[in-house]
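The values are calculated or read from the model by the stated rules, or taken from the named source; none is laboratory data. The structure presented is a predicted model; accordingly, all values stated were derived computationally and were not measured. Backbone-built Cβ (ideal geometry, glycine too); neighbour counts: all protein chains shown. The area values use the complete protein model at the heavy-atom level, side chains included, leaving out ligands, DNA and RNA. Shrake-Rupley method; radii C 1.70, N 1.55, O 1.52, S 1.80 Å.
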Amino acid sequence: MALAVRKTGADIFSVTRWFLRRECRLMSTLPEKAEAPEAESVPSEPQQQRVGRRPRMSNPAVEFRHAYPEFLPDPNPKWRNSLREKLERADMLKRRSQIDVPEFYVGSILGVTISDPHAQGKTNRFVGICIERKGCGLRAEFTLRNVVDHQGVEIRYELYDPTIQKIQVLRLEKRLDEKLFYLRDALPEYSTFSFDMDPEILPEGTPVPINPVQVKLKPRPWLERWERQELQGVSNIEEHLKEKDRKRRELRKTPWEEFDLMKQYRKTIPEEDQSEIWGEVYNKLHQLQMNRKKMSRKRTFTTPKTQLG
Amino acid sequence: MFRSLLNRLNPTKLSCGFHTSTCLNEVQLLTRLRVVDNSEIGKRAMAEGKPPKVICVYNKKRIGYIGDRVMVAIKGQKKKGILVGLKQTQNVKVPKFDSNNIVLIDDNGTPLGTRIHVPIPTILRTILKERTHAKGADYTKLLSIATRFV
């Protein structure tokens, strides 16, 4: 009897939940990560009319939130402070007018030159693949990884560190995953890059290419349980698993999380807030972009080959 | 009875009794290290698959950080060494390595080998200079056998 009551109760509950979810989906504003629906809502943006000389069709927020993720504050309401965020943004723009901080993504190959009081020439250069970007505002960080002399080395840099002299993007591309920590357990050739690599220049207007390379992991033990993280960029993960691991992976799966609207909402900055932020920094960032384009053209023009004899 | 039934009906209960946070990778007592110079004893120990174990870290916390002096047990002997690269999360701009590296030295600070075959963090220059005193051991000799700095 108790079971029957319980069962019908659960049924009613699930039905109402389903209904509520449908309703919520209609009412709520779209979260940040949803790509396609946001494109529809672009023409209704008030920003569109205000800034007239935009070269491309889309909303700046759509481009900029991927290219400059550190301008968006941390979504945790405990740490929000509109004044501090505003001051930080101003400082970031000031720093960006001093030094060229290029657009890069996790998976791009960067060369970073810092002034280092410990080094002999007082400067130090490191080249590596960006495996992580984190932090917001002035605390934004990125991590580079390389294998030098058969020894894996990782260096963490702050993006707005005043000791950074130059950040150079040697190869602009993305990978299949958001974080590339699995390179630590992969074969070393996947994270080996030579220090005298030449920068590869993409033709203007091309979208950032996604490198579909799938790395091979070394046999276990691993640093993390890669099999539970649904990684796209690893090819041979199944070879190293036992039956037990597969079973546990099934148990640990959280397929409902992609439908968890509240979780998504807590992780992201809503579109209204974002448009305010981008409206504040758009002009300056756009100007800096234009300057960089001009400079790159000038540089290609003014460096002819010096031929002696 | 009702509670057990509830538990059985609830498939999302997946808590476990132990914590699963990642380890700190600290260098402490009995940590295995990797010898990265070409000293005879170090090379043989690494080739045999018996890497040295820490038996003392010479600081007050007894946890080894970059540039710290350690005593290791290697092939049945006690030797001293300097930590030149750590797995642990480091400060900004300080490199983090995939293994805990050590260079063997004797009591005067003179390295036992003649070459280090992995990159060395540049911050060691400053750290080792600070630790060297006029009449004590001279640790900066280690820097001169390094091949590459990162």
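Of all the criteria given as (1) of a type outside the set (Lys, Arg); (2) in contact (Cβ under 8 Å) with a residue 12 or more places away in the chain; (3) in a strand (DSSP E or B); (4) under 25 Å from B:Asn100 (Cβ atoms), the one not satisfied by A:Tyr182 is (3).
For region A:88-130, how many residues are aliphatic (A, V, I, L, M) and within 18 Å of A:Asn283 (Cβ to Cβ)?
So the first thing to find is which residues in region A:88-130 are aliphatic (A, V, I, L, M), and the list is A:90, A:92-93, A:99, A:101, A:106, A:109-110, A:112, A:114, A:119, A:127, A:129.
When the remaining residues are screened for being within 18 Å of A:Asn283 (Cβ to Cβ), the result is A:90, A:92-93, A:101.
The qualifying residues number 4.
For region A:133-152, the tally of residues that are crowded, with 17+ Cβ neighbours inside 10 Å, more than 10 Å from every other protein chain (Cβ to nearest Cβ) and of a type in the set (D, E, K, R) stands at 1. Annotation note: Cβ proximity below 6 Å between a residue of region A:253-280 that is closer than 23 Å to A:Leu93 by Cα and a residue that is hydrophobic (A, V, I, L, M, F, W, C) and open to solvent by less than 80 Å² (accessible area, probe 1.4 Å) (sequence gap 6+ or interchain) occurs for A:Ile269/A:Leu72; A:Gln274/A:Ala61; A:Ser275/A:Ala61; A:Trp278/A:Ala61; A:Trp278/A:Phe64. As a summary of the residue check, A:Asp177 satisfies the conditions (1) touching a Leu at 6+ places or on another chain (Cβ under 7 Å); (2) surrounded by fewer than 21 Cβ atoms within 10 Å (Cβ to Cβ); (3) under 19 Å from A:Pro102 (Cβ atoms) except for the one numbered (3). Residues in region A:174-198 that are away from chain B (no Cβ under 13 Å) and of a type in the set (S, T, N, Q): A:Ser194 alone.
Selection of region A:190-241 for residues being of a type in the set (D, E, K, R) and out of contact with any strand residue (DSSP E or B) (no Cβ under 8 Å at 6 or more places or on another chain) yields A:Asp196, A:Glu204, A:Arg220, A:Glu224, A:Arg225, A:Glu227, A:Arg228, A:Glu230, A:Glu238, A:Glu239. When you look at A:Asp74, is it of a type outside the set (Ser, Thr, Tyr), surrounded by 13 or more Cβ atoms within 10 Å (Cβ to Cβ), modelled with pLDDT under 95 and touching a Leu at 6+ places or on another chain (Cβ under 9 Å), yes or no? In short, no. Any residue that is part of a helix (DSSP H, G or I) and open to solvent by 60 Å² or more (accessible area, probe 1.4 Å) - is there at least one of those in region A:225-234? Yes. Strands (runs of 3 or more DSSP E) fully within region B:35-150 that include at least 3 residues being buried (at least 21 other Cβ atoms within 10 Å of the Cβ), of a type outside the set (S, T, N, Q) and within 14 Å of chain A (Cβ to nearest Cβ): none found.
Report yes if some residue within region A:160-173 is within 12 Å of chain B (Cβ to nearest Cβ), open to solvent by 20 Å² or more (accessible area, probe 1.4 Å), under 18 Å from B:Gln90 (Cβ atoms) and not hydroxyl-bearing (Ser, Thr, Tyr); otherwise report no. No, every residue in region A:160-173 fails to be within 12 Å of chain B (Cβ to nearest Cβ), open to solvent by 20 Å² or more (accessible area, probe 1.4 Å), under 18 Å from B:Gln90 (Cβ atoms) and not hydroxyl-bearing (Ser, Thr, Tyr).
Of everything in region A:248-283, what is among the polar types (S, T, N, Q) and outside any loop (DSSP other than H, G, I, E, B)? Give them in sequence order.
First pass over region A:248-283, keeping only residues among the polar types (S, T, N, Q): A:254, A:264, A:268, A:274-275, A:283.
Residues satisfying the conditions are A:Gln264, A:Gln274, A:Ser275, A:Asn283.
If you scan region A:103-126, which residues turn out to be facing another protein chain (nearest Cβ under 10 Å), in a strand (DSSP E or B) and either buried (at least 20 other Cβ atoms within 10 Å of the Cβ) or free of Cβ contacts under 8 Å to residues at least 60 places away in the same chain (or both)? A:Val112, A:Ile114, A:Asn124, A:Phe126, listed by residue number.
Here is a check on your reading of the model: is A:Ile155 surrounded by fewer than 20 Cβ atoms within 10 Å (Cβ to Cβ) and part of a strand (DSSP E or B)? Before you say what the answer is, go through the steps one by one.
On the way: surrounded by fewer than 20 Cβ atoms within 10 Å (Cβ to Cβ): no; part of a strand (DSSP E or B): yes.
So A:Ile155 fails the test.
For the residues B:Gly67, B:Gly76, the requirement of being free of Cβ contacts under 8 Å to residues at least 24 places away in the same chain and at positive phi singles out B:Gly76. Every listed requirement among (1) within 13 Å of chain A (Cβ to nearest Cβ); (2) assigned to a loop (DSSP other than H, G, I, E, B); (3) free of Cβ contacts under 8 Å to residues at least 60 places away in the same chain; (4) surrounded by fewer than 21 Cβ atoms within 10 Å (Cβ to Cβ) is met by B:Asn25 save one, (3).
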